[in-house]
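The values are calculated or read from the model by the stated rules, or taken from the named source; none is laboratory data. Because the structure is a prediction, the values reported are computed rather than measured. Here the Cβ positions follow ideal geometry from the backbone for every residue, glycine too, while neighbour counts run over all protein chains shown.
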Amino acid sequence: MIKAEWFYWLVGAVFIVMGLQTLLDRSNAKRYTSGTFWTLLGATFFYSSWVVDKSAPAEPLGIAVLILICLGGFNLVGKGTPRTTGEKQRTELAKRFGNKLFIPALTIPVVAVLCAVVVPKFHFGGHVIFEKGNETILGLGVGAIVALGVGMWVLREPRVSVPIHAGRGLLESMGWALLLPQLLAVLGAIFQAAGVGTQVGKVTEKILPNGQLLAAVALYCVGMFVFTVIMGNAFAAFPVMTAAVGWPVLVQHLHGNAPAVMAVGMLAGFCGTLCTPMAANFNLVPAALLELKDQYGPIKVQAPTGFILLACNILIIYFFAF
Amino acid sequence: MIVLLGVLVVILGFATRRNPLLVVGVAGIVTGALGKLSPDEILKTFGESFASSRSVTIFAITLPVIGLLERNGLQQQARILIGKLGNLTTGRFLTLYLLLRQLTAAVGLQTIGGPAQSVRPMIAPMAEAAAERRNGGRPLPEAIREKVRSHAAGADTVGVFFGEDIFLAIGSILLITGLVNATYHTHLEPLDLALWAIPTAACAFLVHGARLLRFDRALERELVVANAESDVEESAK
């Protein structure tokens, strides 16, 4: 049986290899701290396995997470100048390979979905092939590996070091932001352990008329929208609103379909992202890139869609999740 | 009640544009302390929840193959394909781009578009060229040019936002499963969540597509008015 932990080790190993390359990358002004960040992140993926099966204490991992937060938070993670192809060269390569370039990329979702849907139906000597409950995640891993093989074959690229270096270029350009979603999940767990959910739940009970389904759904979606507008980030709004309304009221109390409530709730937050200057990278950067005089130009054309889709999301949850 | 100050830390931190990692770290420690967790328990919660939410970060495994494709001209090939849509009106062209952006993001190709990758070099100039054709080849008045460019950026953003969540290995989907599974000890599958992104994606296409098609008509009216005004100015000279 293929276990999810093995896949986490593979991801950890990729981070460690890229981290060691970063340590040796003289073009990166912050190579020591950047290299430490990625290598330590890779190491946590291994150590976590023992934390999950409770054979190692969680405190050292907690300290490692705080170190990662400091390295990223104090701007100590930088990027080097990747040795890659230029714009002109890429245009020529695109002409040479044409639409074949899309094949490896499409391999990832196709293999991932096949693994999640078809593979669990097969058994091998009485055992399932993928660890139960982790088929999608393992499918993604298998999909990425198969796609890499297909890509190297289609592009006639014999060296594994080329995709590793190219991947490191992308990793470094994402920088610490890559870790933000996982840390927001951590924050959600801390909120729960500290009792934030129960407290917000009490406030919610006072606001919400008893058992009013539509009002509860609207509160969840509008809350996601408003928090996202204030914070500029739907990911950050999600732990707050889920602890407050999404989980205790909509899923536990009113028995909503959890995947529907959560997925559409997140999208209600995305509607907020369309309308806020706080999401600078999505709304203000394009205005600057396009040399617009009115830096709110994109927000003005996006906002009506944002408001209409917020209403759509409320109705989708109301009609389909209950 | 006092633990809610932790939520306030998050809101203030993001709203004042502090580094998000620091905001999360500080908010976690503050909330834990206000919730009467000992320092040891706080560290333990950080560690345990980090370990059980690793699935959120596994999308990094796709970076080598995406990097390989990009250095071999993936974005350039996407532009070559879009370039074949040259003869449409502004609204129709942007509606088609919206659909393409949604579909490609839904299969994990979020990086082939974007403000720097496709809007500035390709989408905005093509949308403008289409509007200029409508204007009889004359350059666009400044206000209308701004609106066309804004719509080019908007179509890109709406497309990727309401397409990417159908791809199961995107940060937002993995964040939901990671957070919910680690916090509430239940089990959500990324694939189930991804499927629930489809109804909203369809609504997004209908709503924003309709608005872009209506923009064609508004554009026509505004061009007539703007040209009439400039004709009056011309004759006044």
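Yes/no per residue for (1) within 19 Å of the chain's Cα centre (by Cα); (2) within 25 Å of B:ALA201 (Cβ to Cβ); (3) among the acidic types (Asp, Glu):
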site	(1), (2), (3)
B:ILE58	no, yes, no
B:GLN76	no, no, no
B:ILE80	no, no, no
B:GLY83	no, no, no
B:GLY86	no, no, no
B:THR111	yes, yes, no
B:PRO115	yes, yes, no
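Candidates are the residues of region A:280-307 that are more than 9 Å from chain B (Cβ to nearest Cβ) and within 25 Å of the chain's Cα centre (by Cα); the one that is farthest from B:GLY209 (Cα to Cα) is A:LEU284. Pairing each residue of region B:70-81 that is more than 7 Å from chain A (Cβ to nearest Cβ) with any residue that is modelled with pLDDT under 90, provided the two are 6+ apart or on different chains, yields C-beta distances under 6 Å for B:GLN75/B:ILE112; B:GLN75/B:GLN117; B:ALA78/B:ILE112; B:ARG79/B:MET122. A single member of A:GLY149, A:GLY175, A:GLY169, A:GLY197 is closer than 26 Å to A:ALA260 by Cβ and either at pLDDT below 90 or part of a helix (DSSP H, G or I) (or both), and it is A:GLY197. You will find that of B:GLY108, B:GLY91, the residue that is in a loop (DSSP other than H, G, I, E, B) and either at pLDDT 90 or above or facing chain A (nearest Cβ under 8 Å) (or both) is B:GLY108 and no other.
Here B:VAL23 clears all of (1) facing chain A (nearest Cβ under 7 Å); (2) at pLDDT 90 or above; (3) assigned to a helix (DSSP H, G or I) except the condition numbered (1).
Yes/no per residue for (1) farther than 22 Å from B:VAL158 by Cβ; (2) of a type in the set (D, E, K, R); (3) touching a Phe, Trp or Tyr at 6+ places or on another chain (Cβ under 7 Å):
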{"residue": "B:GLY35", "(1), (2), (3)": "yes, no, no"}
{"residue": "B:LEU43", "(1), (2), (3)": "yes, no, no"}
{"residue": "B:ARG54", "(1), (2), (3)": "yes, yes, yes"}
{"residue": "B:ASN72", "(1), (2), (3)": "yes, no, yes"}
{"residue": "B:ILE80", "(1), (2), (3)": "yes, no, no"}
{"residue": "B:MET122", "(1), (2), (3)": "no, no, no"}
{"residue": "B:ALA127", "(1), (2), (3)": "no, no, yes"}
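Tallying residues that are at the interface with another protein chain (Cβ under 7 Å from one of its Cβ atoms) and touching a residue at least 40 places away in the same chain (Cβ under 8 Å) within region B:175-189 yields 5.
Yes/no matrix, rows are residues, columns are (1) among the β-branched types (Val, Ile, Thr); (2) under 23 Å from A:LEU184 (Cβ atoms):
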residue	(1), (2)
A:GLY42	no, yes
A:THR107	yes, no
A:PHE130	no, no
A:ILE137	yes, yes
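Kindly indicate which of A:THR44, A:THR39, A:THR33 is hydroxyl-bearing (Ser, Thr, Tyr), touching a residue at least 24 places away in the same chain (Cβ under 8 Å), touching a Ser or Thr at 6+ places or on another chain (Cβ under 9 Å) and at negative phi. Give the derivation first.
On the way: A:THR44 fails: touching a Ser or Thr at 6+ places or on another chain (Cβ under 9 Å); A:THR33 fails: touching a Ser or Thr at 6+ places or on another chain (Cβ under 9 Å).
Just one listed residue meets the conditions, A:THR39.
Is there a residue being over 28 Å from A:CYS271 (Cα atoms) and either at pLDDT 90 or above or in the same structural domain as B:ALA105 (by TED's automatic domain parsing) (or both) anywhere in region B:182-197? No, region B:182-197 has no match at all. Annotation: B:HIS151 fulfils all but one of (1) within 7 Å of another protein chain (Cβ to nearest Cβ); (2) surrounded by 19 or more Cβ atoms within 10 Å (Cβ to Cβ); (3) under 14 Å from A:PHE282 (Cβ atoms); the unmet one is (3).
Based on what the data block shows, is B:ARG138 under 22 Å from the mean Cα position of the chain (by Cα), more than 30 Å from B:THR57 (Cα to Cα) and touching a residue at least 12 places away in the same chain (Cβ under 8 Å)? In short, no. For region B:50-59, the count of residues that are out of contact with any Lys or Arg (no Cβ under 7 Å at 6 or more places or on another chain), more than 7 Å from chain A (Cβ to nearest Cβ) and assigned to a helix (DSSP H, G or I) is at least one. As a summary of the residue check, A:SER55 satisfies the conditions (1) in the same structural domain as A:ILE16 (by TED's automatic domain parsing); (2) in a helix (DSSP H, G or I); (3) without any contact (Cβ under 8 Å) to a residue 12 or more places away in the chain; (4) not aliphatic (A, V, I, L, M) except for the one numbered (2). Within region A:108-137, the residues that satisfy the criterion of being surrounded by fewer than 22 Cβ atoms within 10 Å (Cβ to Cβ) and assigned to a helix (DSSP H, G or I) are A:VAL110, A:VAL111, A:VAL113, A:LEU114, A:VAL117, A:VAL119, A:PRO120, A:LYS121. Scanning region A:248-265 for residues that are within 30 Å of A:ALA280 (Cβ to Cβ) and at the interface with another protein chain (Cβ under 7 Å from one of its Cβ atoms) yields A:MET262, A:ALA263, A:VAL264. Considering every residue within region A:175-192, establish whether at least one is over 16 Å from the mean Cα position of the chain (by Cα), surrounded by fewer than 19 Cβ atoms within 10 Å (Cβ to Cβ) and aliphatic (A, V, I, L, M). Checked region A:175-192: no residue is over 16 Å from the mean Cα position of the chain (by Cα), surrounded by fewer than 19 Cβ atoms within 10 Å (Cβ to Cβ) and aliphatic (A, V, I, L, M).
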